[in-house]
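The values are calculated or read from the model by the stated rules, or taken from the named source; none is laboratory data. The model shown is predicted, which means the values in this text are computed figures rather than measured ones. Cβ coordinates were reconstructed from backbone atoms using ideal geometry, including for glycine residues, and neighbour counts include every protein chain displayed. Side chains included, ligands, DNA and RNA excluded: accessible areas come from the protein's heavy atoms. Shrake-Rupley method; radii C 1.70, N 1.55, O 1.52, S 1.80 Å.
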Amino acid sequence: MKQSQLTITEFERIYQHSISKKDFADIENFILKNSDENAPFLRIASGSGGKFIQARNYVGVLQTKSGLTIEILPKIADKNDAEKSKVVFIKMLRMLKNFPFKSSNLASLKTQNLPLLEIFISMFLCELETLVKKGIKSDYITLENNLKFLKGKLNINEKIKRNSIHKERFYVEYSEFLSDIKINQIIKTTLKFLYKKSNSSKNQQKIRELLFIFDEVSMCNDYKNFFTNYTINRQVRHYEQTLLWCKIFLLGNSFTPHKGDDLALALLFDMNALFESYVGNFIKKKLPGTILQHQEKYLIEKPREFKLKPDIFLEGKFIADTKWKIIRQDINESEKKYKISQADLYQLYAYGKKYECGELYLIYPKIDGIEQESMKFKYEKDMQLEILYFDLENDSENDKLIENLLA
């Protein structure tokens, strides 16, 4: 059965009448189970058009058990441009630590009109093909069997118990060098899982070819325990990226974990954390000595409480915080006003005072089609805040932003 596909951007709505009752109910249950303040993935509400589900600051892929796939893309332009948003989103994912996006050869993937989930599956399959070329790991596995010949170690108790009639048989324990080991079982389980999720004939063909290579490998039913306890050693270092992908797909282990099993798949990424990671690593690469998430100061010293964690800190130079918010200019008859959060201004003021730093910056995303201008606020004689905009599509523009930080 062909899967249906919906693409929306942040804060867009999906009305109840536009999808099946079952899909809407499953997504609603997912929302209710994840409605605490730490995981506000989506919201559910009612309006003049009826009941609806609204995206928030989490982007990625949801798939219901009936096969409806919903991809939520970041809003990087005043008008929706799904392909542009998709390219920027994947570019940002490549900067994440402990995720396998960085090593993926995106240049070789033709992403035109491909759903986000199919792009992720393609990236995993490319990684797995690289692993297969390097060689699938095998190991000695202890087996037990009732054979017509003696092999390995004879188990006397089991022979007596099982072979009272067939005296000619031997119950033995022996070792064989096989590929049917746990890490290969995890990969095969992931391939089987994705074969049911993919709607791309190209991806399905690749999965069938890879399953043939893993034909003698068993499935793994306890993969949750595996991911809790496994470690990568030198012998299986080439498995690391592939296993990270397996973890993402089998556990739905995106940037933020979620509760419940109402959906078949939920890979969601917090755009606040993603933007912070991308901008921070971009600046750190350009300015050695930059510290991300610096944690040496407290808002209250006695007792020491409310640890301060500026996103970007370069000692003796500046402090910067990133905010994934659209700063839109409001124009009235008398003046221009920008919707800068008062809480953000207070936060940077606290950083400036506690770190004794006079150069403070708030970095917001640059949004195409919206007029955005740099602004400066003077807190005190030797402490000022400047508003800057990070261009997720044009790194050369961000080089100018770096120059501004050091000016």
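Restricting to DSSP loop positions (anything but H, G, I, E, B) with no more than 13 other Cβ atoms inside 10 Å of their own Cβ, which trypsin sites (Lys or Arg not before Pro) remain in the stretch 343-407?
Filter output for the stretch 343-407: 381.
Just to confirm the filter: which trypsin sites (Lys or Arg not before Pro) across the stretch 177-253 are DSSP coil and have at most 16 other Cβ within 10 angstrom of their Cβ?
none
If you rank 238, 17 by how much accessible surface each has, with a 1.4 Å probe, what is the order from largest down?
Greatest to least solvent exposure: 17, 238.
Expressed in nm to one decimal, what extension gain is obtained for the pair residue 235 and residue 5 from 0.36 nm per residue of sequence separation less their Cα-Cα distance?
The span from residue 235 to residue 5 would gain 78.7 nm if fully extended.
So, R0 is 25 Å and r is the distance between the beta-carbons of residue 204 and residue 132; what FRET efficiency does that work out to, to 0.05?
So, using R0 = 25 Å, E works out to roughly 0.90.
Hey, what did the stretch 198-281 get for relative contact order, percent, Cα under 8 Å, at least 6 apart?
With pairs under 8 Å counted, the relative contact order is 17 percent.
What distance in nm separates the simple spin-label points at residue 287 and residue 17, each placed 7 Å from Cα in the Cβ direction?
Each label point is offset 7 Å from its Cα along the Cβ direction, giving 5.2 nm.
What is the distance, in nm, between label points placed 7 Å from the Cα along the Cα-to-Cβ direction at residue 196 and at residue 45?
3.6 nm
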